[in-house]
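Here the structure comes first, spelled out in structure tokens, and everything after it is commentary.
The values are calculated or read from the model by the stated rules, or taken from the named source; none is laboratory data. Keep in mind that what you see is a predicted model, and the values were worked out from it rather than measured. No Cβ is skipped: glycine too gets one built from the backbone with ideal geometry, and neighbour counts run over all protein chains shown.
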Amino acid sequence: MLKINYQVQLGGWQKPDIIPFENLSIHPAAKALHYAIQLFEGMKAYRGVDDKIRLFRPDLNMRRMNLAAHRSGLPIFNGEELIKCMKRLIQIDQEWVPHSESSTLYIRPTLIATEATFGVMAPESALLFVVLSPVSAYYKTSTDGAVSIFADPNVVRAFPGGVGNRKVGSNYGPTIEATTRAAQLGHHQVLWLFGPDHQLTEVGAMNIFTVYINENGDKQLSTPPLNGLILPGITRRSILELASQWEDLVVKEETITMDRVITLNKQGRLLEMFGAGTAAVISPVSRIGFLENNIHIPTMQQAQPVFQRLKDTLLAIQYGHIDHPYSVIIS
Ligand SMILES: *Cc1c(COP(=O)(O)O)cnc(C)c1O
């Protein structure tokens, strides 16, 4: 497997090269990896039935990665150029893109400071590299395909003024212990809450959505607004854009609290809850553990669930069953 390697020195980015994985450890830019200054992206290359390989809205990953670079004190880079390099890399490694619609080639662009120092200061060198690996939709579920999630009001993932809205490494390490604890209690993921009113923010490393019958008796798809606590997911954005074209659904960005979830559920108005992200596309939720409550969400009992329609639409675009501007053919 190959990696694209960019190297930045004070004077600016050097010309990118594609170097063999085996040689990366001796590459001069990799002499040190900074423990605190690191950020990444999560993308996939999809092989369609037509054997063409596609990326899904890669320009949005590049824009988001540059926002994270800026926030981390690392230099921003030319996203179009990195997309070009990744296309070339995937062409070289094209046999690693699975010939299957249940798996994909995961793409992990990473930017890390490479200053050989213990000081927390603006780095003078950084390494931008891309790791590729075949993956399946990798989240564990119950036998019905849904997940059980655990909400612990004592842990937060993100806070105002923080970096919860950027894919920086420092957001993810602290989630491991809470996720392990959730697993010990029989849950698959953590539902991240925020504030005294227990606002739902995200589930695991996915954006969260609910479907319920609103005050006007209409079916509504809701997700929390991008208020700084929410990772601006590309799947999230695509879902909002696609679903707002559907006439039988009201689409809204709004704060949802645990009290609201419990009330809607008691009234029989809560229909679905699901997580959304590149890794699992859409992950339906069937249960929430919260304080002493064990809340059953009837996501899997719906006759024509919104989550399934969205998932089918996204997969059809990603694997090229329908032509859509979100999909970029690379070979
Ligand atoms: C990556 C990520 C998402 C999903 O973003 P996509 O662009 O849809 O893959 C959601 N939440 C968190 C915390 C993430 O890291």
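Could you tell me whether any residue of the range 113-128 is closer than 29 Å to V49 by Cβ and among the hydrophobic types (A, V, I, L, M, F, W, C)? No.
So, A316, is that one surrounded by fewer than 22 Cβ atoms within 10 Å (Cβ to Cβ), hydrophobic (A, V, I, L, M, F, W, C) and in a loop (DSSP other than H, G, I, E, B) or not?
On the way: surrounded by fewer than 22 Cβ atoms within 10 Å (Cβ to Cβ): yes; hydrophobic (A, V, I, L, M, F, W, C): yes; in a loop (DSSP other than H, G, I, E, B): no.
Criteria not met by A316.
Test D312 against the criterion of being more than 23 Å from P58 (Cα to Cα) and either away from the ligand (no atom under 16 Å from the Cβ) or at pLDDT below 95 (or both), and give yes or no. No: the conditions fail for D312.
Could you list all residues from the range 309-331 that are in contact (Cβ under 8 Å) with a residue 12 or more places away in the chain and out of contact with any helix residue (DSSP H, G or I) (no Cβ under 9 Å at 6 or more places or on another chain)? Result: K311, L315, Q318, Y319, G320, I329.
In the range 221-233, the residues that are closer than 17 Å to V251 by Cβ form Cβ pairs under 7 Å with partners that are within 10 Å of the ligand (Cβ to nearest atom) and among the acidic types (D, E), at six or more places apart or across chains, as follows: I230/E202.
Matching residues to (1) at pLDDT below 95; (2) closer than 14 Å to T201 by Cβ; (3) not hydroxyl-bearing (S, T, Y):
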site	(1), (2), (3)
L128	yes, no, yes
L132	yes, no, yes
V155	no, yes, yes
K167	no, no, yes
G173	yes, no, yes
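Here R71, R47 are screened, and the one residue that is closer than 23 Å to H321 by Cα, modelled with pLDDT of 95 or more and surrounded by 13 or more Cβ atoms within 10 Å (Cβ to Cβ) is R47.
For the range 42-56, state whether one or more residues are over 23 Å from I329 (Cα atoms) and within 14 Å of the ligand (Cβ to nearest atom).
Among the residues of the range 42-56, not one is over 23 Å from I329 (Cα atoms) and within 14 Å of the ligand (Cβ to nearest atom), which makes the answer no.
Looking at the range 211-220, which of its residues are assigned to a strand (DSSP E or B) and either charged (D, E, K, R) or out of contact with any Lys or Arg (no Cβ under 9 Å at 6 or more places or on another chain) (or both)? Within the range 211-220, K219 is the sole residue that qualifies.
Among residues that are in a loop (DSSP other than H, G, I, E, B) and basic (K, R), R166 is included.
One residue stands out in the range 139-195 among those that are within 14 Å of the ligand (Cβ to nearest atom) and of a type in the set (S, T, N, Q): the one that is nearest to I295 (Cα to Cα), namely Q189.
Restricting attention to the range 229-285, report how many residues are among the basic types (K, R), part of a helix (DSSP H, G or I) and away from the ligand (no atom under 16 Å from the Cβ). Give the steps one after another, and end with the answer.
Start the filter on the range 229-285 by keeping residues that are among the basic types (K, R), which leaves 236-237, 252, 260, 266, 269.
Of the ones still in play, those that are also part of a helix (DSSP H, G or I) are 236-237, 260, 266.
Going one step further and asking which of them are away from the ligand (no atom under 16 Å from the Cβ), we end up with 260, 266.
Summing the residues that are among the basic types (K, R), part of a helix (DSSP H, G or I) and away from the ligand (no atom under 16 Å from the Cβ) in the range 229-285 gives 2.
Restricting attention to the range 198-228 and to residues that are polar (S, T, N, Q) and away from the ligand (no atom under 13 Å from the Cβ), the residue that is nearest to V163 (Cα to Cα) turns out to be N227.
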